[in-house]
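Worksheet: one structure, shown below.
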Amino acid sequence: MSYHKENLKEKLAEIAWDICKTESWQKVNMRLVAEKAGVSTTAFYRHFKNKTDLKAELMRRGFQILYEGMEDVTNNFSSYGAHYIRFGLDYPHIYDLMFGNTDLDMSLYPDLEALSDASFSGIFEGLKSLMSDESENDVIIKAYNVWASVHGIVGILRRSKWQGKQTETLEWIENNLEEYLEKTTFG
């Protein structure tokens, strides 16, 4: 397989993305990615110092996809949250990589840290405009509640599907995310 040096990093990241998206981050290894790209592991390490750099790249891509989809819904808080939940359902392994317990030191990747922080900031800013008479501390407390609820419902919906135990209520929630969020965010 021939490649241009300039696009090898992109190709390696794309291969790793596909493996992570369909299987999990645990299935990604440099030897396999290099093999699928038709290059040596030495070539791989010219573009990524280690697996942690590759992990950061995949997380960065996940946040970019998440935020691109949110550009259209920033004026509607429940649509913003629904998009976030759908991302977790559509990209379960990428979502886990981004939001699961990670050993990645974000301070080594300032741009990634900023993207990660923006996840919570989006919720905070959306609530701030809806809770203009409340103190900043009250808005932050509500933002943490919404943050936990959004991540929790992603886990509940995913688990119910994997276990084949999706109830009518959970099916309704998944099919009516905006309405569910409107009922629960300020209920």
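Readers should treat all values here as calculations from the given coordinates under stated rules, not as data from a laboratory. Predicted model, so just to flag it, every value in this text is computed and none were measured. Reconstructed Cβ throughout: ideal geometry from the backbone, glycine too, with neighbour counts over all protein chains shown.
Could you size up the charge dipole of the chain around its Cα centre, putting +1 on the beta carbon of Lys and Arg and -1 on that of Asp and Glu, and report it in debye to the nearest 20?
Details: 21 positive and 29 negative charges, 227 e Å.
Charge dipole of the chain: 1080 debye, to the nearest 20.
Taking GluC sites (Glu not before Pro) as candidate sites, keep only those in a DSSP loop with at most 11 other Cβ atoms within 10 Å, then name the longest stretch of the chain containing none of them.
Details: sites that count: Glu23, Glu71.
The longest uninterrupted stretch comes out as 72-187.
Tell me the Kirkwood hydrodynamic radius of the chain in angstroms, computed as one over the mean inverse distance between distinct C-alpha pairs. Mind dumping the intermediate values first?
Working: mean 1/r = 0.0550 Å⁻¹.
Result for the chain, one decimal place: 18.2 Å.
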Coil-residue chymotrypsin sites (Phe, Trp or Tyr not before Pro) of segment 35-138, DSSP, other Cβ within 10 Å capped at 14: none
In which sequence would Leu127, Leu32 go, from the one with the fewest C-beta neighbours within 10 Å to the one with the most? Leu32, Leu127
Would you work out the charge dipole size for segment 89-187 about its Cα centre, treating the Cβ of every Lys and Arg as +1 and the Cβ of every Asp and Glu as -1, and quote it to the nearest 20 debye? 460
Taking a threshold of 32 Å on the Cα-Cα distance, which of the pairs Lys161/Lys183; Lys27/Lys165; Lys21/Lys49; Lys27/Lys161; Lys11/Lys142; Lys21/Lys165 fall above it? Lys11/Lys142
Using alpha carbons only, how many degrees (0 to 90, rounded to 10) separate the axis of helix 110-130 from the longest principal axis of the chain? 10
Among Tyr109, Asn137, Leu54, the residue whose Cα sits farthest towards the positive end of the charge dipole of the chain (+1 at Cβ of Lys and Arg, -1 at Cβ of Asp and Glu, taken about the Cα centre) is Leu54
